[in-house]
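Notes for the one structure printed next.
The values are calculated or read from the model by the stated rules, or taken from the named source; none is laboratory data. Owing to the predicted nature of the structure, the values given are computational and were not obtained by experimental measurement. Counting neighbours? That spans all protein chains shown, and the Cβs are built from the backbone with ideal geometry, glycine included.
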Amino acid sequence: MKMDFHRSAWLLVLASGFARAEISQQQIEADCAKISLYASQGEKWYKAKRYDKAREAFEQQVRWSEGCGLDDNAIATAYNNVALTWIREGDWRRARAWLSIRPDDRRSLYNLGLIKNQLAALAKPASPAGEYWRYAGQASWSTLTVKPVGQKTDYQVDFQGYYFGLMGVYYGPNMGEFSEKVTLKNNQGVVAIREDNAIHCDISLTFSPEAVDAAGTGDSWECGFGHNVRADGRYLRVD
């Protein structure tokens, strides 16, 4: 298999990182060689208008393109492939989320232009309730799900977060979660995570119609999350 220097060096790093799991460099190279197969499978299903099946294949293309250290151009291609399946299904917000991962890539800019009017025509959300995504890597999204409870200003906020390290493509992510009630005032509120004397974590939430910005004061261990898992960042509405 022909590889450029960048990819060869990355595979060597992977192999050394996976040594304790007895995953050989030959196995890694074999897995990475399947990327073009995932891409062609996705194209086949896409042409057949089986966009759900195409998306599964393209997500595998994303996962292994990232895990095998392909260049930014190849990875951006995979992101756009997934986005196109959502566009074909008329799911403009999920398409936007995928295109936002590499927003300056020329294909992302082009495809965002294609759905600009459709996004603008969507009804403005009546409340902060909804599902929000932030990209975590490996074709996975950290999520915030917001549901109304009790009083008009009270919401249940559920977080599921991921962090993929060097071994993530084989071992999966570190994970973290919370489920907390939050009172919002002027579309702002604070998630206060407490557990005896071990966990003390505040995460402020600021909602806009199409996103929520989260800013935490605690490290992953202070919030009870897995190593390097954080709730911080911008989450895009996808429903």
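Odds and ends about this structure:
- Each residue in the range 115-149 was checked for being over 29 Å from LEU166 (Cβ atoms) and in contact with a helix residue (DSSP H, G or I) (Cβ under 7 Å, 6 or more places away or on another chain), and 4 pass.
- Qualifying residues in the range 165-176 (those that are surrounded by fewer than 17 Cβ atoms within 10 Å (Cβ to Cβ) and not aromatic (Phe, Trp, Tyr)) - the one nearest to GLY189 (Cα to Cα): MET175
- Single residue of ALA192, ALA214 found to be among the aliphatic types (A, V, I, L, M), assigned by TED's automatic domain parsing to the domain that holds VAL146 and at pLDDT below 95: ALA192
- Breaking point among (1) of a type in the set (S, T, N, Q); (2) under 16 Å from ALA136 (Cα atoms); (3) over 17 Å from the mean Cα position of the chain (by Cα), for GLN60: (3)
- Considering the range 192-206, the residues that are touching a helix residue (DSSP H, G or I) at 6+ places or on another chain (Cβ under 8 Å) and within 17 Å of ASP154 (Cα to Cα) include one that is surrounded by the fewest Cβ atoms within 10 Å (Cβ to Cβ), namely ILE193.
- Some residue of the range 213-236 being in contact with a Pro (Cβ under 9 Å, 6 or more places away or on another chain) and in a strand (DSSP E or B): no
- Selection within the range 125-164: residues that are of a type in the set (D, E, K, R) and within 12 Å of ASP239 (Cβ to Cβ). The member of this set that is surrounded by the most Cβ atoms within 10 Å (Cβ to Cβ) is GLU131.
- Filtering the range 185-206 to residues that are touching a Phe, Trp or Tyr at 6+ places or on another chain (Cβ under 6 Å) and touching a residue at least 40 places away in the same chain (Cβ under 8 Å) leaves only ASN187.
- So LEU112, is it modelled with pLDDT of 95 or more and either surrounded by fewer than 19 Cβ atoms within 10 Å (Cβ to Cβ) or not charged (D, E, K, R) (or both): yes
- Residue in the range 207-218 that is touching a residue at least 24 places away in the same chain (Cβ under 8 Å), over 17 Å from the mean Cα position of the chain (by Cα) and surrounded by 16 or more Cβ atoms within 10 Å (Cβ to Cβ) present: yes
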